[in-house]
Amino acid sequence: MQEALQRETICDIKRPDTFRIKELLHSGSLSSCGEVLEEVLEQTGFYNVRSFMIRLYICMDIFVAAREFSKDIGISDEEFAGRFGTVRDMEKRMIGAKKMAEYLQETLSQCIIWRASSVKDSTSETVEKAKTYIDRNYKDYDISLKTVADSVGLSPAYLSGLFKKEVGKNFSDYLTEVRINKAKDLLCRTSKMVYEVAYEVGFHDYKYFSQIFKKHTGQTPRQFQNSVNVC
């Protein structure tokens with residue numbers, strides 16, 4: 001009977017909605033932290049679970065999401081562990097469901113505070129570094145949000161949000177704009193063929209390049225080149 005009850009309890013447990021937790025960490029407010037966490041825990045059946053190990057398992061998903069986020073915004077392992085310990089320390093720190101929930105709320109709240117401080121101090125600098133990387137590597141066919149994010153030490157999702165906020169356009173639109181401006185310069189200053197210009201600014205397919213160029217300028221690359229007399 002006891003074994004059957006234990007199996008039933010385990011089957012009733014749902015994994016925490018880490019997407020909501022990540023959303024909270026990336027853009028949520030400090031005041032909403034407790035409410036969001038409570039909703040996530042309630043959805044898992046957290047407060048109805050008797051097994052400490054199952055509650056710990058639920059908490060670990062949320063704790064790991066917080067740790068990964070804090071890394072993305074530059075919080076060192078030493079600073080994070082000094083404040084909240086490691087996954088291995090969780091068992092000692094969290095006795096009882098209420099203590100566990102309080103510990104998680106403290107962790108998430110501090111991550112939001114770190115985020116606010118990080119964004120305030122370094123958003124512009126980080127985005128400028130990303131733009132510099134794009135300026136130097138726009139010719140690379142394989143340049144992507146991920147490669148740029150790696151270059152500045154952030155996750156792609158986090159950099160995407162910062163980029164949109166600071167530049168006013170998403171990463172792919174900005175990269176395309178840089179490539180088109182470089183192409184215009186080459187078409188203006190040189191007599192290179194369209195396909196040569198396309199390859200030089202990072203396009204594999206010169207026909208696709210021509211379509212994008214016309215979308216941005218109202219002219220095909222050849223029309224643009226022919227219409228330019230003095231640059």
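A few notes on this one:
- If the condition is being closer than 30 Å to D150 by Cβ, more than 17 Å from the chain's Cα centre (by Cα), surrounded by 13 or more Cβ atoms within 10 Å (Cβ to Cβ) and charged (D, E, K, R), then the range 43-85 contributes D61, R83.
- Top-ranked residue of the range 178-231 - restricted to ones that are modelled with pLDDT of 90 or more and among the polar types (S, T, N, Q), ranked as surrounded by the most Cβ atoms within 10 Å (Cβ to Cβ): S210
- Residue match in the range 11-26 (condition: part of a helix (DSSP H, G or I) and modelled with pLDDT under 80): yes
- Screening S117 against (1) at pLDDT below 85; (2) surrounded by fewer than 17 Cβ atoms within 10 Å (Cβ to Cβ); (3) touching a Lys or Arg at 6+ places or on another chain (Cβ under 9 Å) leaves a single unmet condition, (3).
- Those residues of the range 129-154 which are of a type in the set (V, I, T) and surrounded by fewer than 14 Cβ atoms within 10 Å (Cβ to Cβ), in sequence order: T132
- Residue within the range 180-187 that is farther than 27 Å from T132 by Cβ and part of a helix (DSSP H, G or I) present: no
The values are calculated or read from the model by the stated rules, or taken from the named source; none is laboratory data. Treat the numbers as computed from the prediction; the structure is a model and nothing was measured. Don't worry about glycine lacking a Cβ; one is built from the backbone with ideal geometry, like all the others, and counts go over all protein chains shown.
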